[in-house]
């Protein structure tokens, strides 16, 4: 029997509430700054310091930071460390439980996209309407 692919996510501090909701619901495939299984990324770790660690582990970043992939230094880190990310982009800010509901609603599609896109760098946007690719801007 072929094992089922199951991505492991890293919720940055902008999506920390989402991570905690998912973990409280029993998920063990979500890490975040300050998580016991990721001691090298304590709370408050700057993006440019966690990005190489997350990229090396092949984790999929979940973020609400719309500019993380467009700032020059972070864009360079995306490329250098093969960052794979999902940006939660909705018309209004969602509470953490609403973010979790959105992720769960689109998780099958998200998993298909992760498999299709393979190694990074790449970025996806997730909204009420689904999941779509985002370009990594110069």
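The values are calculated or read from the model by the stated rules, or taken from the named source; none is laboratory data. Values in this document were obtained by computation on a predicted structure and should not be read as measured data. Because the Cβ atoms are built from the backbone with ideal geometry, glycine has one as well, and the counts that use them run over all protein chains shown.
On inspection, residue 95 does not qualify as at negative phi and under 12 Å from the mean Cα position of the chain (by Cα).
Scanning segment 1-26 for residues being assigned to a loop (DSSP other than H, G, I, E, B), within 15 Å of the chain's Cα centre (by Cα) and at pLDDT 95 or above gives a total of 1. Could you please let me know if residue 92 is outside any helix (DSSP H, G or I) and farther than 26 Å from residue 52 by Cα? Yes.
In this structure, residue 111 qualifies as surrounded by 13 or more Cβ atoms within 10 Å (Cβ to Cβ) and at pLDDT below 95. Note on segment 42-93: residues that are within 17 Å of residue 19 (Cβ to Cβ) and either surrounded by fewer than 19 Cβ atoms within 10 Å (Cβ to Cβ) or at pLDDT below 90 (or both) total 9.
Of the residues screened, residue 55 is one that is touching a residue at least 60 places away in the same chain (Cβ under 8 Å), in contact with a helix residue (DSSP H, G or I) (Cβ under 6 Å, 6 or more places away or on another chain), part of a helix (DSSP H, G or I) and under 23 Å from residue 135 (Cβ atoms).
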